[in-house]
1. Compactness ratio of the chain: Cα Rg over 2.2 N^0.38 Å, N = residue count?
2. With every protein chain left in place, what is the accessible area per residue of region 169-258 in square angstrom, probe 1.4 Å?
3. Once the whole set of protein chains is in place, how much accessible area is left on D87, using a 1.4 Å probe, in Å² to the nearest 10?
4. In a solvent-free Debye calculation with one equal scatterer on each Cα, what is log10 I(q)/I(0) for region 133-207 at q = 0.15, 0.24, 0.27 Å⁻¹, listed in the order of the q values?
5. When each pair of different Cα atoms in region 99-224 is counted once in the 1/r mean, what is the Kirkwood radius in angstroms, to one decimal?
6. How many percent of Cα pairs in region 64-153 exceed 16 Å?
7. Write down the percent of antiparallel bridges among all DSSP beta bridges whose residues are both part of the chain, to the nearest 5.
8. Ignoring ligands, DNA and RNA, what percent of the accessible area of the chain is carbon or sulfur (1.4 Å)?
Amino acid sequence: MRITSALVDPALLDLPWSKPLEEWPADHLVALPQGISRHIVRFVRLANTVYAVKETGERVAEREYDLLRALERIDFPSVQAVAIVADRQDDNGEPLDPVLITKHLQFSLPYRALFSHTLRPETMTRLLDALAALIVRMHLTGFFWGDCSLSNTLFRRDAGAFAAYLVDAETGALRNQLSNGQRSEDIEIARVNIFGEALDLQAAGLLHEAIDPEQVADQVVERYERLWHEITYEQQVERDDRHDIEGRIRRLNEMGFDVAEVAMSLVDNGRYLVRPKVVDAGYHSRRLLRLTGLDAEENQARRLLNDLDTYRAESDLSDEQQSAHRWLTEVFEPVVRAVPAHLRRKLEPAELFVQIIEHRWRLSEEAGRDVGLAPAVQSFMADVLVHRPDEQAVLGVPIQAAQNPVEPAQPRS
């Protein structure tokens with residue numbers, strides 16, 4: 001057996017590598033929502049970390065491992081490659097398929113887990129928006145996916161929306177830049193795959209009757225094209241309307257994209273031709289990380305920054321760094337610490353805070369006054385959070401526990 005690993009974890013050696021994945025004993029596995037895969041995939045927990053283990057060919061595993069490592073270096077939203085285990089043999093000396101190990105993305109769900117009950121059309125819209133944004137980021141990076149689909153994507157909650165992450169990169173290729181033909185090919189693959197997945201959901205009775213599978217596939221393409229156009233189109237600006245350039249950059253920032261530079265050239269009639277160079281999404285996430293050290297999804301970061309700006313205005317603090325530090329220690333951290341330990345696995349801290357802010361707004365609307373943050377926290381925990389299902393994607397639960405759940409205790413009369 002040979003292990004090539006980006007993470008030094010001796011516990012990897014203790015896994016039953018002499019057995020095919022489908023024969024691994026349950027005491028090594030955890031039960032997590034799993035999407036459709038052409039390969040056998042198992043989840044294991046070592047210490048406090050959950051890993052996904054996938055059997056595949058050696059060359060495919062090495063290629064995907066290298067691609068995921070390259071995407072990680074440029075901070076692209078994808079799962080993290082951990083190791084390749086090759087030269088496996090069973091107890092009789094027969095060769096076994098190599099495996100690729102990736103780190104499980106906490107608080108994430110495959111799309112079929114989101115469709116465990118019939119999904120509303122507006123929720124489907126948010127999923128499609130997240131997927132379209134992921135493909136745009138991918139193409140800006142120069143990454144050709146080659147098998148874009150809902151099945152190869154994980155979704156995380158993001159302040160009422162979703163953030164999408166690439167899971168399967170075995171058909172991908174990372175280049176300096178993609179041509180229009182390569183982008184079009186990728187989008188057509190996505191359209192065909194998503195149409196098939198939507199038909200599958202419809203056949204299983206998991207698609208809302210108002211949702212047309214063909215429209216689902218077409219909407220992903222339409223959303224992608226609109227977003228790509230907004231990011232890349234050349235804009236003609238009159239000489240006296242230079243503020244339009246700043247407005248374009250502000251719009252891109254609001255959409256979550258960073259602008260590295262702006263290319264301007266003088267054309268006929270004294271007008272400017274302007275094209276911003278968009279480098280990547282994550283404008284608000286990076287600003288929040290810089291100010292507070294908090295790592296959040298883009299929409300979460302936008303909401304947290306709005307709350308931080310409100311705090312700064314109410315506190316009459318002119319220094320941005322000082323106000324960020326005080327907001328973190330006086331507002332955000334006390335809210336997170338107020339949640340009892342047995343409820344903390346339900347939502348990650350950034351999403352928890354965002355939902356409490358929304359809950360406070362609803363309570364204030366009903367009361368006709370600001371109810372305050374502390375009462376909103378207590379109300380959210382008692383009336384909302386306690387009734388949410390445990391987010392098992394944090395650490396996972398043993399297979400035996402998932403198959404033989406303990407009956408809940410009956411309340412006393």
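1. Compactness ratio reported: 1.10.
2. Numbers: 5050 Å² over 90 residues.
The answer is 56 Å² per residue.
3. 80 Å²
4. Here log10 of I(q) over I(0) equals -0.56, -1.14, -1.27.
5. On the way: mean 1/r = 0.0670 Å⁻¹.
Result for region 99-224, one decimal place: 14.9 Å.
6. On the way: 2648 of 4005 pairs.
Counting every Cα pair in region 64-153, those more than 16 Å apart make up 66 percent.
7. On the way: 48 of 50 bridges.
The antiparallel proportion sits near 95 percent.
8. Using a 1.4 Å probe with all protein chains present, the chain comes out at 47 percent carbon and sulfur.
The values are calculated or read from the model by the stated rules, or taken from the named source; none is laboratory data. Fair warning: this is a prediction, and the values are worked out from it, not measured in the lab. Note: ideal-geometry Cβ built from the backbone for every residue, glycine included; neighbour counts use all protein chains shown. Side chains are part of the model used for accessible areas, which takes the heavy atoms of the whole protein and leaves out ligands, DNA and RNA. Shrake-Rupley method; radii C 1.70, N 1.55, O 1.52, S 1.80 Å.
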